[in-house]
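Trainee: Here's a structure for you.
The values are calculated or read from the model by the stated rules, or taken from the named source; none is laboratory data. In this text the structure is predicted, and so the values were computed from the model without any measurement. All Cβ positions, glycine included, derive from the backbone under ideal geometry; neighbour counts span all protein chains shown.
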Amino acid sequence: MNETIKYIDRTSEIPLTGVDFLGIIDRGTNILELKPLTQCNLRCKYCFVSSGDYDINFVINSNYLIDKVNEIIAIKGNYNIEIHLAPYGEMLLYGELFNLIKNLSDIEGVTTISMQSNGVLLSKNIINKLKKSNLTRINISLNTLKEETACYLCNCAKYDVDRLLNNIYSLLDSKINVLIAPVWFPGENDRDIEDIIKLIINLRSEGYSEKQIQIGIQKYLIYKTGRKLKKIRPKSWGYFYLQLSKLEKKYGIKLKLGPRDFGIHKRTKTSMLEFKKDDLIKLKIVSGGRWKNECIGKINDSLGIKILLKKPLVFSEILIGKYIEAKVIKASYKDNILTAFFPYR
Ligand code: SF4
């Protein structure tokens, strides 16, 4: 794990929306996705955000995040809000995790707090603390029940599947819902996906309800800046859903989950972007990014932007505080995420 860590609080001037890898993502629904850190304990061969490889990691102060969440909820309406902790990294590495969950759960209108985790760091003690903090659900990215395959996929020497399974029982017995979210790598873990389906069926037959233990199979997606599993070509969405339908029939279990299954509905979007691709915008550089060719810009107090630096320019501290004009190369209204390029000529 890289040791260079940048801590972000209100004095850092780094806004908490607009940047994909950090802060808060608002997709115009009742779910707010929080990304409080970028560190990971694994370095999976398939990681679509290349976590574990960053030159600089980021950790956000929990009070800074909570204040912003409060502001956003005041606009969205304080009812039926889900907070989903989904970092480009491992949530259990966040030092303020239990405080963060507890304080979020105290906000009026927050009814669900869910988090993503690879589950490797879970222990009885941590599960007790998660329960006391009012965590509703944990999504665990378990791709296989075979230790050897898990080690290969997660690029690690040891992966204790039995320990993880015991911890899943402890979570369920603590009344924390569990969603097992395996990534399906065609030709690599086909049998393993079926093993996980059987595990879910077994757990349900032991008395855990469909709400307590869920499965959400994920399609393997390849991103330009992510790591890729050699030899595996992702299939089309059509093929993916066809396979899910076949497995649904074979095992008599619902595998295709949609927004309705998670109570997701449309709500006011807070930081509406007015930018579009190719716009030129003025901004202030407030920080370096995860890699040498990346930095973070500030458009206003709440809206930030990721800036990609054109080779051979790399980030250096002299850039901090500089006002520049950059070209927008991505303005995603759906996710409220902005990326710009500098210098653009
Ligand atoms: S896939 Fe998840 S657990 Fe694996 S390196 Fe990426 S963020 Fe970490």
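Trainee: Just to be sure I understand the filter: pairs with C-beta atoms under 7 Å, separated by 6 or more residues or on different chains, first member in the range 90-113 and more than 16 Å from the ligand (Cβ to nearest atom), second member β-branched (Val, Ile, Thr) and assigned to a loop (DSSP other than H, G, I, E, B). Which pairs pass?
Mentor: Final answer for the pair search is Thr112/Thr136; Ile113/Thr136.
Trainee: Tell me which residues, restricted to the range 252-297, are crowded, with 19+ Cβ neighbours inside 10 Å, not aliphatic (A, V, I, L, M) and not in a loop (DSSP other than H, G, I, E, B).
Mentor: Phe262, Ser287, Gly288, Glu294, Cys295, Gly297, listed by residue number.
Trainee: Can we say Ala150 is within 15 Å of the ligand (Cβ to nearest atom), closer than 18 Å to Ile215 by Cβ and without any contact (Cβ under 8 Å) to a residue 12 or more places away in the chain? So that I can check it myself, show each step before the final result.
Mentor: Values: within 15 Å of the ligand (Cβ to nearest atom): yes; closer than 18 Å to Ile215 by Cβ: yes; without any contact (Cβ under 8 Å) to a residue 12 or more places away in the chain: yes.
When the stated conditions are applied, Ala150 passes them.
Trainee: So which of Ser174, Ser141 is closer than 27 Å to Leu34 by Cα, more than 20 Å from the chain's Cα centre (by Cα) and at pLDDT 95 or above? Before you say what the answer is, go through the steps one by one.
Mentor: Working: Ser141 fails: more than 20 Å from the chain's Cα centre (by Cα).
Just a single option satisfies the conditions, and that option is Ser174.
A quick yes/no check of all residues on (1) touching a strand residue (DSSP E or B) at 6+ places or on another chain (Cβ under 9 Å); (2) over 27 Å from Ile126 (Cα atoms):
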site: Leu42; (1), (2): no, no
site: Cys47; (1), (2): no, no
site: Ser50; (1), (2): no, no
site: Asp55; (1), (2): yes, yes
site: Asn63; (1), (2): no, no
site: Lys68; (1), (2): yes, no
site: Ile75; (1), (2): no, yes
site: Phe98; (1), (2): no, no
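Quick grid of which residues meet (1) modelled with pLDDT of 95 or more; (2) more than 17 Å from Ile14 (Cβ to Cβ):
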{"residue": "Thr268", "(1), (2)": "no, yes"}
{"residue": "Val286", "(1), (2)": "yes, no"}
{"residue": "Gly289", "(1), (2)": "yes, no"}
{"residue": "Cys295", "(1), (2)": "yes, no"}
{"residue": "Ser302", "(1), (2)": "no, no"}
